[in-house]
1. Could you list all residues from region 94-124 that are of a type in the set (S, T, N, Q) and touching a Pro at 6+ places or on another chain (Cβ under 8 Å)?
2. If I filter region 1-20 down to residues being in contact (Cβ under 8 Å) with a residue 24 or more places away in the chain and out of contact with any Asp or Glu (no Cβ under 9 Å at 6 or more places or on another chain), which single residue comes out as least open to solvent (accessible area, probe 1.4 Å)?
3. Could you check how many residues of region 1-43 are basic (K, R) and farther than 27 Å from D101 by Cβ?
4. Mind checking which residues of region 1-20 are of a type in the set (S, T, Y) and in a loop (DSSP other than H, G, I, E, B)?
5. Cβ-Cβ under 9 Å, sequence separation 6+ or interchain: first residue in region 106-125 and within 12 Å of V84 (Cβ to Cβ), partner of a type in the set (K, R) and surrounded by fewer than 17 Cβ atoms within 10 Å (Cβ to Cβ). Which pairs?
6. Look through region 46-57, keep the residues that are open to solvent by 30 Å² or more (accessible area, probe 1.4 Å) and in a loop (DSSP other than H, G, I, E, B), and return whichever of them is farthest from A3 (Cα to Cα).
7. Could you list, in sequence order, the residues of region 21-67 that are touching a Lys or Arg at 6+ places or on another chain (Cβ under 7 Å) and polar (S, T, N, Q)?
8. Out of all the residues in region 58-72, is one or more free of Cβ contacts under 8 Å to residues at least 24 places away in the same chain, of a type outside the set (S, T, Y) and either assigned to a helix (DSSP H, G or I) or open to solvent by 50 Å² or more (accessible area, probe 1.4 Å) (or both)?
Amino acid sequence: LGALRDAGPDRGCWTWWDRSQSPQTTGAVARHQLQEVTVHTYDAQLAVGAPQPLPVAVALDGVDEFLATCCAGDYRWPYEPATVDYQATEGRSWRLSLTADGVPTGAPTSAAADAGLRGTAGELVLALYGRVPIDSLQVDGDRALFDRLLAWDPDES
């Protein structure tokens, strides 16, 4: 923590997500590490039979952070173009646009998405990290699109 504080949030640094929408800064690394700790804490709780809901504020940021870091960037989506909406019951939503020209995130528009996933922010984070099945949340539209997303490796595109 001391090293991160000394560096400040805007200092450039190496990251494994050089092509993603997330910046390559110490602040982005700290943000990602918070999500990793949160998910692994859930794993430990689950292992002892006492899983707790993820903290709402951390989970809301976690959906945004996961999509920006692990999905969005100058990657080529190898399938038909599509849009996917993620909606947290706490009131936030995100849109992932999947195209051969790149995969940006943003706010949903009035245009209907090809698929949607709805649940608490914590449930969305756990689904994105593969800790709970997609079907445990409300799925709208093209369910197979989520299978393609889960199997897709952006770095291979």
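The values are calculated or read from the model by the stated rules, or taken from the named source; none is laboratory data. Predicted model, so just to flag it, every value in this text is computed and none were measured. Note that each Cβ is placed from the backbone with ideal geometry, even for glycine, and that neighbours are counted across all protein chains shown. Heavy atoms of the whole protein, side chains included, go into the accessibility calculation; ligands, DNA and RNA do not. Shrake-Rupley method; radii C 1.70, N 1.55, O 1.52, S 1.80 Å.
1. Quick first cut of region 94-124, residues of a type in the set (S, T, N, Q) only: 97, 99, 105, 109-110, 120.
Of everything in region 94-124, those that are of a type in the set (S, T, N, Q) and touching a Pro at 6+ places or on another chain (Cβ under 8 Å) turn out to be S97, T99, T120.
2. Quick first cut of region 1-20, residues in contact (Cβ under 8 Å) with a residue 24 or more places away in the chain only: 4, 17, 19-20.
Still in the list and also out of contact with any Asp or Glu (no Cβ under 9 Å at 6 or more places or on another chain): 4, 17.
Values: L4: 68, W17: 7 Å².
Among them, the one singled out is W17.
3. Initial filter on region 1-43 (basic (K, R)): 5, 11, 19, 31.
Restricting the remaining residues to those that are farther than 27 Å from D101 by Cβ gives 5, 11.
Within region 1-43, residues that are basic (K, R) and farther than 27 Å from D101 by Cβ number 2.
4. Taking region 1-20 as the starting set, the residues that turn out to be of a type in the set (S, T, Y) are 15, 20.
Of everything in region 1-20, just one residue is of a type in the set (S, T, Y) and in a loop (DSSP other than H, G, I, E, B), namely T15.
5. Sorted first by the residue in region 106-125, then by its partner, the pairs are A115/R143; L124/R118.
6. Taking region 46-57 and keeping what is open to solvent by 30 Å² or more (accessible area, probe 1.4 Å), we get 46-53, 55-57.
Retained after the next criterion (residues that are in a loop (DSSP other than H, G, I, E, B)): 48-53, 55.
On the way: V48: 33, G49: 35, A50: 33, P51: 31, Q52: 30, P53: 30, P55: 25 Å.
The selected residue is G49.
7. T25, T26
8. The first filter runs over region 58-72 and keeps only residues free of Cβ contacts under 8 Å to residues at least 24 places away in the same chain, leaving none.
No, the conditions are met nowhere in region 58-72.
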